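Engineer: Following this message is one structure expressed as structure tokens.
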Amino acid sequence: MSAAGSLGVGVVGCGWAAGEIVRAIGKIDALHVVTVFDANAERAEEFAARVGRAAAQSLEDLLGRRDVDLVYIGLPHNLIAPVAERVLAAGKHVLAEKPLALDGETARRLGQTAAAKGLKLSVFFELRRSATVSAAKSIVESGAIGEVHLVRLRTIIDKPLRYWGTSESPLWRARKADAGGGVIFMNTIHQLDTLRYLTGLEFVAAEGQIATFTAAAEVEDTGSAVLRMNNGAIVSIVAAAHSPGAKDEETIEIDGAGGRLDLPDPFGEAPLRLFRRDVGAWQTMPVERTDSYVGMLEAIAGSILNGTPEPATASDAAAVIDAISAIYRSASAGGLVTIPGDG
């Protein structure tokens, strides 16, 4: 760490997500990029030149640098956990893209390893620091809608077909062994984490169906599920990767005993909406769209520098992975599937 108290960041994986991370780091005094690495050397060199840093020749080279305090891992889903394990073994803090692991048990084990070493492991669920979610959390915690009864969660997207590659040359996202799942695992996971964060509730059971209608992929591009939460609330999920013309339709609607809260797509322009039974009318609350990447990275840096809890932990990742795994098991075998708790 530099004398000024800025944490040195090593970037592993030089794709689009890493570009957004580096962009946001440039706005934060507490973080600076030291070096980058990608198994594709040409891509690493191009990315390094773009961000004005030298590319590491290997992961070992990056991990061996004393000026790297925190390692960002932006890799295909199946590679994140093995690399995180190596980063922790090298004594570095971890910032991992979701989902962190393909199963909840591995995610929890990584969290336990980090804690045992006195290191931080944060998962980049950046919606937790979006202005819309922050405002919604304050409303829920104020008791304005009362106890949560029913949630309607929509992940409606129209992805370009190139997202999956082709049937002759599939990208990692299209392969079950690499991705772990499709639109629910890649996209709905963010909303499920947001729901846990807003309500403090846990998922305890799931029943679902999945299908692949459009994508040249082994994973689902369509899904529907019902989850039960530990207070008895019901969560209805509908997800589609290729809904024609869809835009800004990743939304959450929460019905409570005393009102209803509608969260718009966090990257769209629609306002937050609140209905309170004691008021008897809808309130529309425009929310300034702040940079959730910057907000999340500031919180991660603060957790390391000040010893405060990570803004999204390995246990948080494990909880939503377990819920999605239960949906997949239900879709395969049929019936209601119980979701294990941390205990």
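Engineer: Would you tally the residues in the stretch 306-342 being open to solvent by 70 Å² or more (accessible area, probe 1.4 Å) and either assigned to a helix (DSSP H, G or I) or touching a residue at least 12 places away in the same chain (Cβ under 8 Å) (or both)?
Structural biologist: Qualifying residue count for the region: 8.
Engineer: Follow-up question, since we're still on this one. Answer yes if at least one residue in the stretch 180-193 is more than 19 Å from the chain's Cα centre (by Cα) and either more than 19 Å from residue 246 (Cα to Cα) or aromatic (Phe, Trp, Tyr) (or both), and no otherwise.
Structural biologist: No, the stretch 180-193 contains no residue that is more than 19 Å from the chain's Cα centre (by Cα) and either more than 19 Å from residue 246 (Cα to Cα) or aromatic (Phe, Trp, Tyr) (or both).
Engineer: Additional query: Being of a type in the set (A, V, I, L, M) and open to solvent by 20 Å² or more (accessible area, probe 1.4 Å) is the filter; apply it to the stretch 64-82 and report the residue that is nearest to residue 124 (Cα to Cα).
Structural biologist: Initial filter on the stretch 64-82 (of a type in the set (A, V, I, L, M)): 68, 70-71, 73, 75, 79-81.
In the following step, the residues that additionally are open to solvent by 20 Å² or more (accessible area, probe 1.4 Å) were identified as 75, 79.
Values: 75: 13, 79: 16 Å.
The selected residue is 75.
Engineer: Does the stretch 196-228 hold any residues that are hydrophobic (A, V, I, L, M, F, W, C) and in contact with a strand residue (DSSP E or B) (Cβ under 6 Å, 6 or more places away or on another chain), and which are they?
Structural biologist: Those that are hydrophobic (A, V, I, L, M, F, W, C) and in contact with a strand residue (DSSP E or B) (Cβ under 6 Å, 6 or more places away or on another chain): 201, 203, 204, 205, 206, 210, 211, 213, 225, 226, 227.
Engineer: Another one. Going by what's in this entry, would residue 257 be described as open to solvent by less than 30 Å² (accessible area, probe 1.4 Å) and in contact (Cβ under 8 Å) with a residue 24 or more places away in the chain?
Structural biologist: no
Engineer: I would also like to ask the following. Please state which one of 108, 162 is within 16 Å of the chain's Cα centre (by Cα) and over 17 Å from residue 273 (Cβ atoms).
Structural biologist: 108
Engineer: Show the residue pairs meeting these rules: Cβ distance below 7 Å; 6+ apart or different chains; first residue within the stretch 228-239 and at pLDDT 95 or above; second residue assigned to a loop (DSSP other than H, G, I, E, B) and among the charged types (D, E, K, R).
Structural biologist: Final answer for the pair search is 229/202; 230/202; 231/147.
Engineer: Can you name every one of the strands (runs of 3 or more DSSP E) wholly within the stretch 114-211 that holds 1 or more residues which are within 16 Å of residue 76 (Cα to Cα)?
Structural biologist: Of the strands (runs of 3 or more DSSP E) lying wholly inside the stretch 114-211, those with at least 1 residues that are within 16 Å of residue 76 (Cα to Cα) span 121-123.
Engineer: Looking at this structure, is residue 189 closer than 18 Å to residue 104 by Cα, open to solvent by less than 60 Å² (accessible area, probe 1.4 Å), modelled with pLDDT of 95 or more and in contact with an Asp or Glu (Cβ under 7 Å, 6 or more places away or on another chain)?
Structural biologist: No: the conditions fail for residue 189.
Engineer: Kindly indicate whether residue 303 is of a type in the set (S, T, N, Q), in a helix (DSSP H, G or I) and open to solvent by less than 20 Å² (accessible area, probe 1.4 Å).
Structural biologist: For residue 303, the condition - of a type in the set (S, T, N, Q), in a helix (DSSP H, G or I) and open to solvent by less than 20 Å² (accessible area, probe 1.4 Å) - is met.
Engineer: For the stretch 213-252, enumerate the residues that are of a type in the set (D, E, K, R) and open to solvent by less than 40 Å² (accessible area, probe 1.4 Å).
Structural biologist: Scanning the stretch 213-252 gives 220, 221.
Engineer: Considering (1) touching a helix residue (DSSP H, G or I) at 6+ places or on another chain (Cβ under 9 Å); (2) over 24 Å from residue 198 (Cα atoms); (3) open to solvent by less than 30 Å² (accessible area, probe 1.4 Å), say which one residue 96 fails and leave the rest.
Structural biologist: In the conditions (1) touching a helix residue (DSSP H, G or I) at 6+ places or on another chain (Cβ under 9 Å); (2) over 24 Å from residue 198 (Cα atoms); (3) open to solvent by less than 30 Å² (accessible area, probe 1.4 Å), residue 96 misses (2) alone.
Engineer: Given the conditions (1) of a type outside the set (Phe, Trp, Tyr); (2) under 23 Å from residue 91 (Cβ atoms); (3) in contact with a helix residue (DSSP H, G or I) (Cβ under 6 Å, 6 or more places away or on another chain), which single one is not true for residue 32?
Structural biologist: Among (1) of a type outside the set (Phe, Trp, Tyr); (2) under 23 Å from residue 91 (Cβ atoms); (3) in contact with a helix residue (DSSP H, G or I) (Cβ under 6 Å, 6 or more places away or on another chain), the lone unmet condition for residue 32 is (3).
Engineer: Using beta carbons and a limit of 7 Å, which pairs, at least six apart or on different chains, have the first residue in the stretch 55-67 and farther than 14 Å from residue 88 by Cα and among the aliphatic types (A, V, I, L, M) and the second one modelled with pLDDT under 95 and not in a loop (DSSP other than H, G, I, E, B)?
Structural biologist: Note: no pairs meet the criteria.
Engineer: If the requirement is being charged (D, E, K, R), within 25 Å of residue 104 (Cβ to Cβ) and touching a residue at least 12 places away in the same chain (Cβ under 8 Å), which of these qualifies: 220, 269? Explain how you work it out, then say what you get.
Structural biologist: Details: 269 fails: within 25 Å of residue 104 (Cβ to Cβ).
220 is the lone residue from the list that is charged (D, E, K, R), within 25 Å of residue 104 (Cβ to Cβ) and touching a residue at least 12 places away in the same chain (Cβ under 8 Å).
Engineer: Out of the residues in the stretch 17-38 that are farther than 19 Å from residue 305 by Cβ and either of a type in the set (Asp, Glu) or at pLDDT below 95 (or both), state the one that is nearest to the chain's Cα centre (by Cα).
Structural biologist: First, the residues of the stretch 17-38 that are farther than 19 Å from residue 305 by Cβ: 17-20, 22-23, 35-38.
When the remaining residues are screened for being either of a type in the set (Asp, Glu) or at pLDDT below 95 (or both), the result is 20, 38.
Working: 20: 14, 38: 21 Å.
Once the filter is applied, the top-ranked residue is 20.
The values are calculated or read from the model by the stated rules, or taken from the named source; none is laboratory data. Every value quoted in this text rests on a predicted model; they were computed, and no experiment measured them. Here the Cβ is made from the backbone with ideal geometry for all residues, glycine too, and neighbour counts use every protein chain on show. Side chains are part of the model used for accessible areas, which takes the heavy atoms of the whole protein and leaves out ligands, DNA and RNA. Shrake-Rupley method; radii C 1.70, N 1.55, O 1.52, S 1.80 Å.
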